């Protein structure tokens with residue numbers, strides 16, 4: 001629905017420009033933009049005023065929340081709140097990737113694979129520079145090992161897809177907005193996961209590799225830290241696969257200390273008590289090293 005109303009004269013002007021576009025049940029941003037673009041170049045001053053009012057409506061058009069179908073029931077409490085889905089990276093999917101580009105001790109490697117992370121503590125990927133010393137030059141270490149299926153699994157990628165689809169939204173207090181499979185092929189899976197309150201969207205990808213393992217990437221679009229969300233999500237999916245014989249390293253404070261410190265630091269300073277659930281300082285404050 002429109003965030004504002006137009007005068008009768010402006011309404012008439014809009015209908016006159018494109019009656020097929022402007023219908024009460026089809027007041028969409030794309031339609032309004034098309035109407036605006038349809039105005040003749042010899043627009044009169046009155047027409048220009050009508051277009052100005054229309055432009056204000058376009059700019060202020062509201063976007064009702066549209067939860068994924070498997071969102072938890074509590075999502076209804078926040079359905080009318082502003083959402084911040086963010087914008088997905090333009091280079092998701094399987095593409096040519098290069099690692100070790102700035103390394104002194106490791107050779108340049110180019111291959112077809114998933115996107116790396118950007119050094120922020122809000123992402124994990126099996127694509128990244130080989131040496132830790134190189135990875136931390138651009139931020140925290142976000143590299144994880146490829147997931148290894150058991151040798152007796154005749155359709156390992158199908159097993160992985162089944163485990164992802166069986167994921168429980170809201171587990172460990174994350175992904176309460178549910179998830180949606182965006183793209184699925186025999187060797188690639190792209191899923192979007194949504195946060196409960198503010199509608200943050202994380203992009204999660206899996207891709208079969210030529211050596212039989214599976215490449216993985218789970219990254220947030222918005223924010224510096226993810227409060228530990230991507231680790232909790234991947235660990236939950238990995239736990240289900242380990243029961244079927246998969247070999248997958250758990251993401252822990254020992255494997256990625258900087259990531260978890262950033263997550264705890266952000267949770268300690270937030271006013272959102274739900275971000276503190278399950279942490280040692282849930283009802284207190286985070287212990288920090290003395291200064292000086």
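Tabulated data
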| item | result |
| --- | --- |
| Where residue 124 falls short, out of the listed (1) out of contact with any helix residue (DSSP H, G or I) (no Cβ under 8 Å at 6 or more places or on another chain); (2) touching a residue at least 12 places away in the same chain (Cβ under 8 Å) | (1) |
| Flag for residue 169 being at pLDDT 95 or above and more than 30 Å from residue 81 (Cα to Cα) | no |
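Yes or no, residue by residue, for (1) more than 22 Å from the chain's Cα centre (by Cα); (2) modelled with pLDDT of 95 or more; (3) outside the structural domain of residue 240 (by TED's automatic domain parsing):
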{"site": "52", "(1), (2), (3)": "yes, no, yes"}
{"site": "78", "(1), (2), (3)": "no, no, yes"}
{"site": "88", "(1), (2), (3)": "no, yes, yes"}
{"site": "109", "(1), (2), (3)": "yes, yes, no"}
{"site": "116", "(1), (2), (3)": "no, yes, no"}
{"site": "151", "(1), (2), (3)": "yes, yes, no"}
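Residue-wise test of (1) crowded, with 19+ Cβ neighbours inside 10 Å; (2) not assigned by TED's automatic domain parsing to the domain that holds residue 197.
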position: 73; (1), (2): no, yes
position: 105; (1), (2): no, no
position: 128; (1), (2): yes, no
position: 132; (1), (2): no, no
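The values are calculated or read from the model by the stated rules, or taken from the named source; none is laboratory data. Note that the structure is a prediction, hence the values are computed from the model and not measured. Heads up, the Cβs are rebuilt from the backbone with ideal geometry, glycines too, and the neighbour counts pull from every protein chain shown.
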